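Written out below as structure tokens is the structure these notes cover.
The values are calculated or read from the model by the stated rules, or taken from the named source; none is laboratory data. Note that the structure is a prediction, hence the values are computed from the model and not measured. Heads up, the Cβs are rebuilt from the backbone with ideal geometry, glycines too, and the neighbour counts pull from every protein chain shown. SASA here: full protein model, heavy atoms, side chains in, ligands and nucleic acids out. Shrake-Rupley method; radii C 1.70, N 1.55, O 1.52, S 1.80 Å.
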Amino acid sequence: MIALDRKGILYSINGPVVKAKNMTGFMMHEMVFVGEMKLTGEIISLEGDSATIQVYEETTNLKPGEEVLGTGNLLSVTLGPGLIGSVFDGIQRPLDVLKAASGDFMKRGVFADPIDLKKSWNVQMGKIKDGDKVVGGQVIATVKETESVIHKIMIPPNVSGIAKNVKSSGKYTVDTVLMTVQTENGEEEIKLYQRWPVRIPRPYSERLAPREPLVTGIRVIDTLFPISKGGTAAIPGGFGTGKTVVQHQLAKWSDADVIIYIGCGERGNEMTEVLEEFPQLIDPRNGRPLMERTILIANTSNMPVSAREASIYTGITMAEYFRDMGYNVALMADSTSRWAEALREISGRLEEMPAEEGFPPYLASRIGEFYERAGRVKTIGDEERIGSVSVIGAVSPPGGDFSEPVTTGTKRFIRCFWELDRQLANARHHPSINWLDSYSEYAVELKEWISKNVDPDFYKMRDRIMQILTEDDNLQQIIKLVGEDVLPDNQKLTVRIANIIKVGYLQQDAFSDVDSNCPLKKQDAMLKTILHYADRSSKLVSKGVAVSEVLDEDIVNTLMRMKENVKSDHLDEFKKIEEKLDAFFDQLDKKYQVTTEA
Amino acid sequence: MPSKEYVGLSQINGPLVFVENPKGVGYNEVVEIITENQRRLGQVVQISDKVAMIQVFEGTSGLTVDKTRVKFLGRPLMVKVSDEMLGREFNGIGEPIDKGPDILNGESRDINGSPINPASRMYPRNFIQTGISAIDALMTLIRGQKLPIFSGNGLPHNRIAVQITKQAKLKGEEAGNFAIVFAAMGIKHDEANFIRESLEQSGAIKNTIMFLNLADDPAIERIATPRVALTAAEYLAFDKNLHVLVLLTDMTNYCEALRELATARGEVPSRKGYPGYLYSDLASIYERAGMIKDKNGSITQIPILSMPNDDITHPIPDLTGYITEGQIVLNRDLNRKGIYPPIGVLQSLSRLMKDGIGKGYTRDDHPHVSSQLFASYSKVQEVKALASIIGEEELTDSDRRYLRFGEAFENEFINQGEDEDRSIEETLDLGWKLLGYLPKIELTRVSEKEIADHYKEIKEI
């Protein structure tokens, strides 16, 4: 055991980085309390008798000569019932508790338990009896944390042995000992909560290949660049291109069981927006408020940078904990660039030799370590459970330049790249995901699931849409030079159909009641309708009918507006639209006496 | 706390001085640097048991290594805030310069403030009508927002800022409980005079606090100026329930002072020599805008910055854009055409407008009209590019209508007088009128019902 009476002495302060001596016996990455105000910090390097500490709070007024106290623990998070619905800062202090303790402005040196240890929950014990053997990851009890989430109480990963003093079901506080486990190294108490160091990934038994899509309700993503459950994606984009709106949309409509949203060095008002909006929004899958499956981490840009550095790890550790229960977790980090900047700032204060643009040389490996904590896994424990953590990171490249170190570093470790386009954003085409430069490596792996669960033809249609868009891009180059009028009729038609796809399909209003979330079935029906129009119109045009004839105002209007006019629970209305299209084309066929061959 | 005094410096380097073997000195503590005939303020920016590094706000010229006395005050830099400050003028670190009396009553506060707990914030939703069509319709200002003006040398950002302060009002709300805090960092005397005179003319000066650090004032002092101003603004907003509009100009000069200091400290630079923490540092200023639950006041920030070489990807506008809730970008081409205010609407944006406009706030059709105007004007740019290659005659009828719309949009919608105060209804009706130049089929962002209610096609073009 590490002695708790170890005391270091501060001798240097430089922003969030402080140095102390007399630190022999402290651990690397140990959490410490710094100075008279007991500011939380973490040891980031040890050299002889002296240690470098990053402090998670403002260091104003710290003086050389003040004490540093050890805690004997690595920087850890508390995991147990009460996490869901909470809002934490970067080192898992609940903001509402901080508010009660210190008012509307953040004060320093305030300590708060991440979850309320004295809150009682109805605990439903499992089948384990005294004398049974238990292993790490085994579920011993369940707690209905919210209407949306059943919280499973698990044996911590590194504990196994014989169960003793097993309590029966009942109402218990979070710090109640539910059982003790006789291990090889003595007795371990199992409470409703456990702690886990944030920088160490929680173990799993096997990594599985991605199979199932994370359905996001955003058409351009689900159709063209899908992400799988357990996948990784990056959303890069300059300021004002809509990163945050896309992240919010994902947090709202993704079909994950638990959402963890990390506001990492971003705007305070954006977090407030989530806080005000999510309790009102209804989860389409069970009719409950979205907040009942959401955990927020808000370390805004004006809060200390070192806590910003930690916030990413705090979030992913909580995600892994819910993954271990067998849930599909989606984690959004907005924005990973701010996290990288925190690394840079601390590295600068440590006077480390910089690599590109002042970033430390280990930037890419840190990014890689973070994204690799995503994945679909078979969990540890006695029974087979499959859980996943999907990670979607926003990237804010300076000046919108995608060749900068964070974007290029991220591209190496993610498999979905949703590039936000300045031109589209300026034209208020949202989501402004560029359909030519973005990519998803999961598309191939998810084909089987989509064909089986949505429509066997879905991928065929997807490929056709991509074809039309690519062709359109080439034609646009010509149009820019000589105008649309000189194009032959079939190409003119391609441009118009591409326009219908862009406006009527890819564009999606995040703030519309109907169109904000678009289920796969509706996407499928919309694709069918648009391509049906494309088929019949190109047939006519190829027979020499003028383009203006098939571009009937009313018909085009119907296609452009069906995303708004057809509600997700009234998909049969697409039948009517199809009938309308057929009636229109039948009459044209008749007029031009084109025989419709079957 | 008893203050400690040392005689003699170990080193003077640019804006920094070093004191050896300080005892009991805290990080960020304020110091007085005393020479025979002058007293200056400084701040500890790095401290170890061997040496304290101090930045001197008023500059180091005239200091000597042996005779200079350094007094550590045992507290961070404070400013005394009270409502006596209204109508007064101060220097960049909050000392009166208008020959008036010192601020007697009031409370001393740390200029660095503390971050607002995100759980305490209230999401801003109240629409501020500025009377400027381009802003009201397309990048609506919301109370509690931080909306910077990205400008360039020679563009009329000050006139726009003054017009906003004169005309800004909430729909149907009592005037009176508002205040203006004006912080100048390194701007020219003429600019400061223009703003002062304009505020005097409109009578707003009695509700204004001015903090002036002009171009010939010490550069390092600028690092404190926005913080001093925002500390006063926070007092007025959250203690006195006033709605405070904070003008910060010019943030570019602020960032340059920060760079100067960072270089003197020998820090590792990131882009263009600016320190790696520029983002966090700017955030500690901009994030002090907002509203707090159960408090009636608010802080709305309009920082002004000039983009070096009109380059919006320069680190200062770039990082600012990542922190603020949108931006108003001024456009040199429009200015050349004589259009005032020369707002480049396509690059401009207000992130908060989506929740502060439309039904119950402005007018039901507002969100769609603004989206339509953006989309159509963006198309105008494409058509213009095409027309410059193939000539206007070769354009299709629909494209020619776009050109006509673009012209009218710039000359009638964006363009307006410096004293012209348009209501939001007038602005939206004007928008609809101009959309009349376009064929109905092109209007995909507005609903069919809105078209029936407002759209009137202009046949003659």
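Restricted to region B:445-456, and to residues there that are within 10 Å of chain A (Cβ to nearest Cβ) and either surrounded by fewer than 18 Cβ atoms within 10 Å (Cβ to Cβ) or among the aromatic types (F, W, Y) (or both), the residue that is nearest to A:Q508 (Cα to Cα) is B:S447.
More than 14 Å from chain B (Cβ to nearest Cβ), part of a loop (DSSP other than H, G, I, E, B), at positive phi and surrounded by fewer than 24 Cβ atoms within 10 Å (Cβ to Cβ), is that true of A:G230? When the stated conditions are applied, A:G230 does not pass them.
The condition (being open to solvent by 10 Å² or more (accessible area, probe 1.4 Å) and without any contact (Cβ under 8 Å) to a residue 60 or more places away in the chain) is satisfied by just one residue among B:D294, B:D318: B:D294.
Among the residues of region A:380-393, is any within 13 Å of another protein chain (Cβ to nearest Cβ) and surrounded by fewer than 19 Cβ atoms within 10 Å (Cβ to Cβ)? Within region A:380-393, not a single residue is within 13 Å of another protein chain (Cβ to nearest Cβ) and surrounded by fewer than 19 Cβ atoms within 10 Å (Cβ to Cβ). Restricting attention to region A:176-208, the residues being open to solvent by 50 Å² or more (accessible area, probe 1.4 Å) and aliphatic (A, V, I, L, M) number 1.
Which residues, taken from region B:323-343, are under 17 Å from A:R422 (Cβ atoms) and open to solvent by 10 Å² or more (accessible area, probe 1.4 Å)? B:N331, the sole residue that qualifies. Quick check, is B:S10 over 37 Å from the mean Cα position of the chain (by Cα), more than 14 Å from chain A (Cβ to nearest Cβ), among the hydroxyl-bearing types (S, T, Y) and surrounded by fewer than 19 Cβ atoms within 10 Å (Cβ to Cβ)? Criteria met by B:S10.
Filtering region A:422-475 to residues that are under 23 Å from A:I235 (Cα atoms), among the hydrophobic types (A, V, I, L, M, F, W, C) and more than 14 Å from chain B (Cβ to nearest Cβ) leaves A:I433, A:W435, A:L436, A:A443, A:V444, A:L446, A:I465, A:M466, A:L469. Checked against (1) open to solvent by less than 50 Å² (accessible area, probe 1.4 Å); (2) of a type outside the set (K, R); (3) without any contact (Cβ under 8 Å) to a residue 40 or more places away in the chain, B:V246 passes all but a single condition, namely (3). Just to be sure, is A:D485 among the charged types (D, E, K, R) and either within 14 Å of chain B (Cβ to nearest Cβ) or open to solvent by less than 70 Å² (accessible area, probe 1.4 Å) (or both)? Against the criterion (among the charged types (D, E, K, R) and either within 14 Å of chain B (Cβ to nearest Cβ) or open to solvent by less than 70 Å² (accessible area, probe 1.4 Å) (or both)), A:D485 qualifies. Scanning region B:347-406 for residues that are within 12 Å of another protein chain (Cβ to nearest Cβ), among the hydroxyl-bearing types (S, T, Y) and more than 32 Å from the chain's Cα centre (by Cα) turns up B:S388, B:T396, B:S398. Could you tell me whether B:F90 is in contact with a Pro (Cβ under 6 Å, 6 or more places away or on another chain) and touching a residue at least 24 places away in the same chain (Cβ under 8 Å)? Answer is yes for this residue.
Of note, B:I180 satisfies the criterion of being modelled with pLDDT of 90 or more, closer than 24 Å to B:N296 by Cβ, open to solvent by less than 40 Å² (accessible area, probe 1.4 Å) and touching a strand residue (DSSP E or B) at 6+ places or on another chain (Cβ under 7 Å). Screening B:L63, B:L104 for residues that are open to solvent by 30 Å² or more (accessible area, probe 1.4 Å), hydrophobic (A, V, I, L, M, F, W, C) and not in a strand (DSSP E or B) leaves exactly one candidate, B:L104. Screening B:G273 with (1) open to solvent by 40 Å² or more (accessible area, probe 1.4 Å); (2) out of contact with any strand residue (DSSP E or B) (no Cβ under 6 Å at 6 or more places or on another chain) gives one miss only, at (1).
Of the strands (runs of 3 or more DSSP E) lying entirely inside region A:82-188, those carrying at least 2 residues that are touching a His at 6+ places or on another chain (Cβ under 8 Å) are A:139-144. Candidates are the residues of region B:364-400 that are open to solvent by 70 Å² or more (accessible area, probe 1.4 Å) and in contact with a Phe, Trp or Tyr (Cβ under 9 Å, 6 or more places away or on another chain); the one that is farthest from A:H429 (Cα to Cα) is B:K384.
Selection of region A:360-379 for residues being open to solvent by less than 30 Å² (accessible area, probe 1.4 Å) and assigned to a helix (DSSP H, G or I) yields A:L363, A:A364, A:I367, A:G368, A:F370, A:Y371.
Checking each residue in region A:394-408 for being surrounded by fewer than 18 Cβ atoms within 10 Å (Cβ to Cβ), of a type in the set (S, T, Y) and within 13 Å of chain B (Cβ to nearest Cβ) picks out only A:S403.
Please determine whether any residue of region B:199-209 is in the same structural domain as B:T300 (by TED's automatic domain parsing), open to solvent by less than 40 Å² (accessible area, probe 1.4 Å) and more than 28 Å from B:I292 (Cβ to Cβ).
Among the residues of region B:199-209, at least one is in the same structural domain as B:T300 (by TED's automatic domain parsing), open to solvent by less than 40 Å² (accessible area, probe 1.4 Å) and more than 28 Å from B:I292 (Cβ to Cβ), which makes the answer yes.
Suppose we keep only residues that are in a helix (DSSP H, G or I) and open to solvent by less than 10 Å² (accessible area, probe 1.4 Å) within region A:272-302. Which one would you say is nearest to the other protein chains (Cβ to nearest Cβ)?
That would be A:T272.
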